[in-house]
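The structure appears below as structure tokens.
Values in this text are rule-based calculations from the coordinates and carry no lab data. Keep in mind it's a predicted model, so treat the numbers as computed, not measured. Here the Cβ positions follow ideal geometry from the backbone for every residue, glycine too, while neighbour counts run over all protein chains shown.
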Amino acid sequence: MGIKVRVKRRKLYLDIYHGGKRIWESLGLTVSDDPAVNRENMRLAEYARAKREQQIFSGQWGLQDRIGAKKPLYSYLKGMAQGRNKQKDRVCKVLPWLEKYSGGKEIQIGQVTGKWFTSFQNYLIKDTGLSEQSANSYAFAIRMALRQAVRENILLSDPSEGVKSIAVPEPDREYLELAELQHLSRVEIGGKLGAEVKRAFVFACYCALRISDLKSLRWNDVEHTTSGAQIVKRQVKTRTRVVVPLHDSAWALINDGALHNHGEYVFPLLAGSRTDTNKYLIQWAEKAGIQKHITWHAARRTCPSLLHEMGVDIYTIQKICGHSRIETTGIYTKVSDGKLREAVNALPAIESK
């Protein structure tokens, strides 16, 4: 390895030879006719040389891939998109918008600046008709590409790092209040899967299981202890192991009095169906007169919200839901309007003369 300060056309460069490669890096300094200025510039150049030598020696920075930095960002993203789901993946879905953006298909990775990225974000928000959530998702795809370019030494730093993300309004996270759940449970669902969908949904409201966990739930995931039945299962999505004691009503929903093999599904019709069962839930809510968009995840949200209203502490709820972060549980624990009113009414009266 060798690094020397070189003068080329009155400009100062670092001549770096490392790992069989030679690269010239401009220092942005020039040779001056003023001896005092020249001495200072050479002092700065020597400082930069020593610093760069330390960085390369310690492995903090590799040599920048100058050829890679000249590759168009669009082409780089297209390479990242290989093998991804074109209909769903954000890296794939940002490509048409980058192509439509002025200069978006030509800009090189090394030319991307914080100013350019801010401008692209503004374009996604104002000129595309995309929702804030979609715009933020597509902008994040660009951030992913820039971060990968840093890891591959195409960029020395991420130009998007200091740019504020697109503000996304908090989505409405539907859940059922106790009275709504009780009313819903008294309404039947028609269709081949109706009865099982209803049973599984109410069951999920007791134990906060996702639809993927309901479909994969087998009888060997149900254990019996001296205090009652419980689910011991590794979640499909996060692979986190959860232990959820079953309420007597939840156990009654699945206890058919029969003996089951350990490998049997608890909800066999649901497990074997490829039908979009959310349609059943939407029709069920309409039939019951509930003006909420009910999905399977609404059942998962309902459980922690009801537990929270019953006074269960948030750390216990976190364990039941299998959340790795308490902040996630905070999002799930909604408070009903009635509880908010109850809290406000608990304030003492303030009398004014």
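Here are some notes:
- Estimated distance in nm for a label pair at Lys287 and Ser131, the labels positioned 7 Å out from Cα along Cα-to-Cβ: 2.8 nm
- Percentage relative contact order, segment 178-342, counting C-alpha pairs under 8 Å, at least six apart: 27 percent
- Each peptide in 119-129, 91-101 receives the mean, over its residues, of other Cβ atoms within 10 Å, and ordering these scores from highest gives 91-101, 119-129.
- Counting other Cβ atoms within 10 Å as a rough exposure proxy, the listed residues His323, His262 run His262, His323 from fewest neighbours to most.
- Pairs exceeding 21 Å between alpha-carbon atoms, taken from Lys192/Lys237; Lys198/Lys279; Lys78/Lys164: Lys192/Lys237; Lys78/Lys164.
- Across the chain, the mean sequence separation of Cα contacts (distance under 8 Å, 6 or more residues apart), normalised by length, yields a relative contact order of 12 percent.
- Alpha-carbon gyration tensor eigenvalues x 5, square-rooted, for the chain, Å: 58, 25, 22
- Applying 1/(1 + (r/R0)^6) with R0 = 45 Å to the Cβ-Cβ distance of Arg234 and Lys70 gives a FRET efficiency near 0.45.
- Per-residue extension of 0.36 nm, minus the Cα-Cα distance of Lys8 and Ser212, leaves a gain of 67.1 nm for this segment.
- Amide N proximity, segment 253-269 versus Lys192 label position 7 Å along Cα-to-Cβ, cut-off under 14 Å: 269
- Mean residue ellipticity (222 nm) of the chain, computed from DSSP H runs ≥ 4 via -39,500 (n - 2.57), nearest 500: -14500 deg cm²/dmol
- Angle in degrees between helix 114-126 and the longest Cα principal axis of the chain, rounded to the nearest 10: 40 degrees
- C-alpha long axis of helix 278-288 to longest principal axis of the chain, angle in °: 50 degrees
- Multiplying the residue separation of Ile23 and Lys279 by 0.36 nm and subtracting their alpha-carbon distance yields 86.1 nm.
- Length added when fully stretched, Glu264-Arg241, from 0.36 nm per residue minus Cα-Cα: 6.3 nm
- Taking the longest Cα principal axis of the chain as reference, the axis of helix 132-151 is set at about 50 degrees.
- Shape call, segment 2-63: gyration tensor on alpha carbons, a/c limit 1.5: prolate
- Structural descriptor for segment 68-151: relative contact order 35 percent, calculated from alpha carbon pairs under 8 angstrom and at least 6 residues apart.
- Translational diffusion coefficient (Stokes-Einstein; Kirkwood radius from C-alpha pairs) of segment 178-342 at 10 °C, 1.306 mPa s, in µm²/s: 96 µm²/s
- Inter-site label distance for Gln108 and Glu46 at 7 Å from Cα along Cβ, in nm: 3.3 nm
- If you plug the beta carbon distance of Val150 and Thr30 into 1/(1 + (r/R0)^6) with R0 = 25 Å, you get a FRET efficiency near 0.30.
- Span from the segment 1-41 Cα centroid across to the segment 277-317 one, whole angstrom: 66 Å
- Cβ crowding within 10 Å, taken as a proxy for footprinting-reagent exposure, orders Lys86, Lys71, Lys198 from fewest neighbours to most as Lys86, Lys71, Lys198.
- Within segment 66-91: backbone nitrogen closer than 20 Å to the Glu99 label point (7 Å, Cα to C-beta): 71-91
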